1. For SER86, are the conditions met, namely being of a type in the set (Ser, Thr, Tyr), over 15 Å from ARG32 (Cα atoms) and either assigned to a helix (DSSP H, G or I) or modelled with pLDDT under 95 (or both)?
2. Given the condition assigned to a loop (DSSP other than H, G, I, E, B) and within 15 Å of the chain's Cα centre (by Cα), answer yes or no: does some residue in the range 33-56 qualify?
3. Six or more apart or on different chains, Cβ under 6 Å: which pairs go from a residue in the range 15-43 that's aliphatic (A, V, I, L, M) to one that's outside any helix (DSSP H, G or I)? Could you list them?
4. Any chance you could count how many residues in the range 25-50 are buried (at least 16 other Cβ atoms within 10 Å of the Cβ) and either modelled with pLDDT of 95 or more or within 14 Å of VAL70 (Cα to Cα) (or both)?
Amino acid sequence: MSTFSYILGIVAASFTFIIVIDMLRRQRLRERHAIWWITGAILALIVGIFPALLDAIAAVIGIDVPINLVFFVSIAILVLVCIQHSAELTKTERQIRVLVEESALLSKRVRDLEDRA
């Protein structure tokens, strides 16, 4: 890859890292959501600064084309983000269902008390 590509990678990783940290600071992103984005940005920054490291790791793992390792790791991180969001969505749906049920019970009690009065 050209020097420009590596510089572009370093700039993109740094930009991502800064954006995620800023979103954390402004409380627009929670820590548990940011961890995968920070991990990805740090990995991209390391590979951008030390491109030979990517070649060495790909060779150790047995991957012929190092960029395929980048794609694999990127997809793996995105899958982990999706799993995390699915788990949180499931938890939130459960909480909402419980709240709706409790609200319905309270509404019924209020109506029953009004009918008695």
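The values are calculated or read from the model by the stated rules, or taken from the named source; none is laboratory data. A quick note: this is a predicted structure, and the numbers were derived from the prediction, not measured. Glycine gets a Cβ as well: all are built from the backbone with ideal geometry, and neighbour counts include every protein chain shown.
1. Here the answer is no, as SER86 does not meet what is asked.
2. Within the range 33-56 (the criterion being assigned to a loop (DSSP other than H, G, I, E, B) and within 15 Å of the chain's Cα centre (by Cα)), the answer is no, since none of the residues qualifies.
3. MET23/LEU29
4. Number of matching residues: 7.
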